[in-house]
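**Q** Let me give you the structure first, and then I'll get to my questions.
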Amino acid sequence: MDKLQEKVIFITGGAQGLGEGIARRLVEDGASVVIADINGAKAASVADDLRREGHKAISVTLDVAERKQMRDAIERTVEHFGGLDVMFNNAGFNRPLPFMDVDEDNFNSIMRVNALGVLIGTQEAARQMMAQGRGGKIINTASIAGRQGYAEFAPYCASKASVISLTQASAREFAKSRITVNAFAPGVVVTPLWDGLEQDMMDRGVIKRKGEFIESFSSSILVGFPSKPADLAGIASFLASADSDYITGQVIMADGGMVLV
């Protein structure tokens, strides 16, 4: 398929998990991709793999909450590929704590990456897109946790609710520049992030065995199983393509029917 031919797509948190899965689908659809991640070695490895397979890809080391790093990464993208068409604000993390144990460090560290990082990525991508004058697309990774609070990771829920609000606000701001802004909201995705969540829960004695946490969460999925990155990559490709040109300010629930809104 070539529906993303000649599109340059920047993916934060692209070195593993959902971000890597999205990147692999987008290059199959013809896109040139930038794998941006705080783990530069992993980002470089993914980009190397994609190039070996005949795709166009580069990597950048990036802390999404550092504006200068974001600007420099977008500048490198433009220098290498000639422009920027789509920004995926996908980077995020969680550090679960019982609600009464959440402190300023826990809350601020999560909000810094998951919310501030999306704000900065949106602003800097839009700045480049407006300078190009041909519109563009910004796509944010939200979560069921942005629609429904969970006591085990309240700051993460707050951060993903922020992603939804930032999506709506920026869609209003950039519509006049022909830049659409949308989000998709995964539920349970089998990725290293969930592995980390389970390990944290085991370390604190909340669960007793590996797999218990994801099994508990997955019990309410209507389609009967947790997703893998490949299950969500098609939605990402749709939002990056011309097929979604008339959609903006929306959050597509991609959770197998966990949260019905």
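**Q** In degrees, nearest 10, range 0 to 90: what is the angle between the Cα axis of helix 192-203 and the longest Cα principal axis of the chain?
**A** Helix 192-203 sits at roughly 20 degrees to that axis.
**Q** In nanometres, what is the gap between the two model label sites at residue 67 and residue 103, each 7 Å from Cα along Cα-to-Cβ?
**A** So the two model labels end up 3.0 nm from each other.
**Q** Using unit Cβ charges (K, R positive; D, E negative) and no other charged atoms, how large, in debye to the nearest 20, is the dipole of the range 1-126 about its Cα centre? List each step's numbers first, then the result.
**A** Values: 14 positive and 20 negative charges, 47 e Å.
Around 220 debye, computed over the range 1-126.
**Q** How would 75, 28, 104 line up from fewest to most surrounding beta-carbon atoms within 10 angstrom?
**A** On the way: 75 13, 28 16, 104 7.
So the residues, fewest neighbours to most, are 104, 75, 28.
**Q** A follow-up question, please. In the range 124-167, what trypsin sites (Lys or Arg not before Pro) fall in a loop by DSSP, with at most 14 other Cβ atoms inside 10 Å?
**A** Answer by residue number: 134.
**Q** Calculate, for residue 250 and residue 112, the FRET efficiency according to 1/(1 + (r/R0)^6) with r their C-beta to C-beta distance and R0 30 Å; round to the nearest 0.05.
**A** Rounded to the nearest 0.05, the efficiency is 0.70.
**Q** Mind checking which of 162, 181, 98 is farthest towards the positive end of the range 98-216's charge dipole, using Cβ charges of +1 (Lys, Arg) and -1 (Asp, Glu) about the Cα centre?
**A** Positive-most Cα among the choices belongs to 181.
**Q** Arranged from highest to lowest average of other beta-carbon atoms within 10 Å per residue, in what order do the peptides 210-217, 108-115, 83-90, 182-189 appear?
**A** So the order, starting with the most tightly packed, is 83-90, 182-189, 108-115, 210-217.
**Q** Any of 160/210; 3/210; 176/228; 7/210; 137/210 with alpha carbons more than 31 Å apart? Name them for me.
**A** 3/210; 176/228; 7/210; 137/210
**Q** I've got another one for you. In nm, to one decimal, how far is the modelled label at residue 75 from the one at residue 259, with both set 7 Å along Cα→Cβ?
**A** Simple spin-label model gives 3.8 nm for this pair.
FYI, it's all coordinate maths here, none of it is from the lab. Keep in mind the model is a prediction, meaning the values are calculated, not measured. As a convention, Cβ positions derive from the backbone with ideal geometry for all residues, glycine included, and neighbour counts pool all protein chains shown.
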